[in-house]
Protein chains: 2
Amino acid sequence: MPRSRVTLKDVAAASGVSTATASFVLNKVTTQTIAPATQERVRRAAADLGYVPQGSARALREGRSRLVLLNAGRLPVTGSLRSFITGLDTELSAHGHTLLVRHGATTGIPARTGEGALKQAVDIVDPRAVIDLVRLYADEDPDRLDGGWIDGLAAHTATQIDYLIGRGHSRIGFAMPADERLAGIARLRFQQACAVARGRGVAEPVGVTGEAVEMPAGVTAVAAFDDDVALRLLSVMADRGLRAPDDLAVIGFDDSGYGEMWRPALTTVRIDAAGYGRRAARAVLGFPLDAVAPDPSIVVVRTSA
Amino acid sequence: MPRSRVTLKDVAAASGVSTATASFVLNKVTTQTIAPATQERVRRAAADLGYVPQGSARALREGRSRLVLLNAGRLPVTGSLRSFITGLDTELSAHGHTLLVRHGATTGIPARTGEGALKQAVDIVDPRAVIDLVRLYADEDPDRLDGGWIDGLAAHTATQIDYLIGRGHSRIGFAMPADERLAGIARLRFQQACAVARGRGVAEPVGVTGEAVEMPAGVTAVAAFDDDVALRLLSVMADRGLRAPDDLAVIGFDDSGYGEMWRPALTTVRIDAAGYGRRAARAVLGFPLDAVAPDPSIVVVRTSA
DNA sequence: CGGCGCAGCTTAAACGATTTAGTGACTCGG
DNA sequence: CCGAGTCACTAAATCGTTTAAGCTGCGCCG
């Protein structure tokens, strides 16, 4: 019963042509003309038999597979990363490709076990492309296949800071993550925040850690690196009997989904991560990017700021 | 410079043997004896050239690749799933295999787009095995390659319920998730909770939804399906001015990492998910399971219960 | 009517690994 | 000195695709 896999040979035999012809038809090769009637026969046979090309054979022949590998390291897949992945996945599969994600202890430090594991995965699947979030976040990825995610960050940081300024805050703190691996991208965001403030004629934000709740004198609001940092800050504040937004306004970044469960509910910035995912897919496949523009980021106003 | 991939042929040529011999050496084939000196030469050459076998060629020949595919659907990868993946990954890579994860809109309902996408992924990579969490959680997976995760659930549910009973609660609620896709596994957990209570001579828990905070008369504690449900309940309680644990004790399940940021911090059950991951890896590879037993689950006592 | 061009196929050679079925060169017992 | 039995190794087939190159008739031009 479990008749083995249907191969191209089966399709060819069933439609009375050679495998070459069948391949030409099914791949819509333009360098070769095939009679319409023949095309029809082949397509029918393929459909009837339920033929699906074997990826490994194809990959062997073509030197690379139709897979795209996303290295997510140990990043939690919630909020925007989840959306990013979804966008990436839908756009890729619309073009016959498949997204697979590697999670694991990749350290970002070359020649550590994690790096080796990624390399191994790459060698095994011969992916069409690799999107390495770990290196991207460590700010050392030469070819950023992120669909403009990193580049878009400046505008989203502006969304965050502008909201605070618009609410009348003129002395702002910027809460950095504790995780070393995020240091690169955190520094970037901090610089962006400073630039925005300068542009608005407001004092540059002061960097603070998410844990320490003692704010430098005069700071009335904190923009957090992400929702995680914001939530951690909120909980430390609660321990000290401080409430947001009255004692200190707190705005997160990159709506993680957990902020809305908190009390006070976390005000945050929502980014069209799925849009960036779709763009990343196009970048990877070599398509023009201008066709898809992610929506601008918006502030999800809840209670904390 | 980008000299193309090092193949087995290169290794064979460099060590003056045929590809067959090289293959025998590198795969430690026992049906064939090779002179120690030759083995040494081949291994050196492979190392020097940086040879890595090409997965697609191997997969083509063997009919399946050395990949294991985990279908995570739209599940958030935090807490225990993250640990499960880590355990799976380390154990698999210790045996020359690689774990890749598919995220996406898989619906669990056959013949929907999601299912098709998974099938496509499977066809492309010819994985050694597929662990389908979506089907597993929908309770319709015939061959459960989960390392005993589902089977272990009964004991962990007991950990959760017993804690509440030990704290003197005799009328307990069980908070179910709103997500339809978790209905199967939620029902299972609820039944387990009932069984535990019966065994302890306590009234069976009443099922409640995570959102509704009105508890049936006399209920003093709630065991949640997972931390997410617990957190949601906690926030609804906060809105009504109710505090845990005094007004209602709440215990989560499957420590997600976000519970400790909440105030009151969420008491929950921590499961050795990494252990189950390692077992799942062994199950997939056909190794005996008894060698690895996951640690028993423990209660992480914080404040909410 | 010879030959050219073209539409519509097929043949066969890759791709890089694994593995079956040998093949020589030895040794050893009788 | 022959036959059998190891040992150490190789030749070649194979997996399923893609694709360059070749082949065959037919129509048409000069």
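The values are calculated or read from the model by the stated rules, or taken from the named source; none is laboratory data. Remember, it's a predicted structure, so these values are computed and weren't measured experimentally. Neighbour counts are summed over all protein chains in view; Cβ atoms, including those assigned to glycine, are modelled from backbone coordinates with ideal geometry. Keep in mind that these areas ignore ligands, DNA and RNA; they rest on the heavy atoms of the full protein, side chains included. Shrake-Rupley method; radii C 1.70, N 1.55, O 1.52, S 1.80 Å.
Does anything in region A:21-64 have its amide N under 14 Å from the 7 Å Cα→Cβ label point of B:GLU140, and if so which residues?
Under cut-off, by backbone N: nothing.
Pick out, from A:ILE85, A:ALA281, A:GLY55, the residue whose Cα sits farthest towards the positive end of the charge dipole of chain A, with +1 on the Cβ of Lys and Arg and -1 on the Cβ of Asp and Glu.
Value: A:GLY55.
Distances from B:ALA212 to the same position in the other copies: list them in nm, one decimal, shortest first, using label points 7 Å from Cα along Cα→Cβ.
4.9
Go ahead and estimate [θ] at 222 nm for chain A from helices alone: -39,500 (n - 2.57) per DSSP H run with n ≥ 4, summed, over the residue count, rounded to 500.
It comes out at -13500 deg cm²/dmol, rounded to the nearest 500.
Quick one: if you stick a label point 7 Å off each Cα along the C-beta vector at B:THR30 and B:GLU260, how many nm between them?
4.5
Would you list B:LEU49, B:LEU26, A:LEU231 from the most to the least accessible area, probe 1.4 Å?
B:LEU49, B:LEU26, A:LEU231
If you take the accessible area of A alone, add that of B alone, and subtract the area of the pair, what total do you get in Å², probe 1.4 Å, to the nearest 100?
Chain pair A/B: roughly 4300 Å² of buried accessible area.
What's the carbon and sulfur percent of region B:150-272's accessible surface, probe 1.4 angstrom, rounded to a whole number?
50
Quick query: amide H of A:VAL222 versus all other amide H atoms, modeled in the peptide plane; which residues come in under 5 Å with a sequence gap of 5 or more or a different chain?
Amide H neighbours of A:VAL222, under 5 Å, 5+ apart: A:GLY173, A:ALA249, A:VAL250, A:ILE251.
Any idea how far apart A:THR209 and A:LEU289 come out in nm if each label point goes 7 Å out from Cα toward Cβ?
3.6
Can you give me the relative contact order of chain A as a percent, contacts being Cα pairs under 8 Å and 6 or more apart?
After rounding, I find 18 percent.
With +1 on the Cβ of every Lys and Arg and -1 on the Cβ of every Asp and Glu, and nothing else charged, how large is the dipole of region A:122-201 about its Cα centre, in debye rounded to the nearest 20?
The dipole of region A:122-201 has a size of about 740 debye.
Explain nothing, just the number: dipole magnitude of chain A about its Cα centre with +1 on each Lys and Arg Cβ and -1 on each Asp and Glu Cβ, in debye rounded to the nearest 20.
Charge dipole of chain A: 1080 debye, to the nearest 20.
At A:GLU40 and B:GLU180, where each label point lies 7 Å from the Cα along Cα→Cβ, what is the point-to-point distance in nanometres?
4.1
With every protein chain in place, what's the accessible area of A:MET215 (1.4 Å probe, Å², nearest 10)?
40
Ignoring ligands, DNA and RNA, what percent of the 1.4 Å accessible area of region B:8-53 is carbon and sulfur?
The C+S portion of the solvent-accessible surface of region B:8-53 is 56 percent.
Under 30 Å from the Cα of B:LYS28, which lysines turn up, not counting those fewer than eight places away in the same chain?
Output for B:LYS28: A:LYS119, B:LYS9.
So in region A:150-271, what percent of DSSP beta bridges are antiparallel if you round to the nearest 5?
Looking only at bridges with both residues in region A:150-271, the antiparallel portion is about 0 percent.
Would you work out the charge dipole size for region A:150-271 about its Cα centre, treating the Cβ of every Lys and Arg as +1 and the Cβ of every Asp and Glu as -1, and quote it to the nearest 20 debye?
Roughly 340 debye, rounded to the nearest 20.
Nearest 10 degrees is fine. How inclined is helix A:227-239 to the longest principal axis of chain A, computing both from alpha carbons?
30
Place the label 7 angstrom along Cα→C-beta at A:THR33 and in each other copy, then list the distances from the first to the rest in nm, shortest first.
When each copy's label point is compared with this one, the spacings are 6.5 nm.
Any chance you could check the Cα centroid distance between region B:133-178 and region A:193-260 for me, in angstrom?
Result: 37 Å between the Cα centres.
Could you tell me which residue out of A:LEU133, A:HIS156, A:ILE172 lies farthest along the dipole of region A:131-172 toward its positive end? Charges go on the beta carbon: Lys and Arg +1, Asp and Glu -1, centred on the Cα centre.
Positive-end residue among those listed: A:ILE172.
Which of the trypsin sites (Lys or Arg not before Pro) found in region A:176-214 are in a DSSP loop and have at most 13 neighbouring Cβ atoms, other than their own, within 10 Å?
none
Short version: which residues of region B:89-104 lose at least 10 Å² of accessible area, all chains versus chain alone, 1.4 Å probe?
At a threshold of 10 Å² (probe 1.4 Å), the residues of region B:89-104 that become less exposed are B:ASP89, B:SER93, B:GLY96, B:THR98, B:LEU99, B:LEU100, B:VAL101, B:ARG102, B:HIS103, B:GLY104.
Relative to the other copies, what are the label-point distances for A:GLY241, with labels 7 Å from Cα along the C-beta vector, expressed in nm at one decimal and sorted shortest first?
2.1
Taking only protein heavy atoms and a 1.4 Å probe, what accessible area per residue, in Å², does chain B have with all protein chains in place?
44
With both bridge residues required to lie in chain A, what share of the DSSP beta bridges run antiparallel, to the nearest 5%?
10
Scan chain A and report its longest stretch carrying no GluC sites (Glu not before Pro) that are both in a DSSP loop and have at most 15 other Cβ atoms within 10 Å.
Here the longest run is A:1-139.
Inside 10 Å of the C-beta atoms of B:122-131, what's the mean count of C-beta atoms belonging to other chains?
Whole-number average of other-chain Cβ neighbours for B:122-131 is 4.
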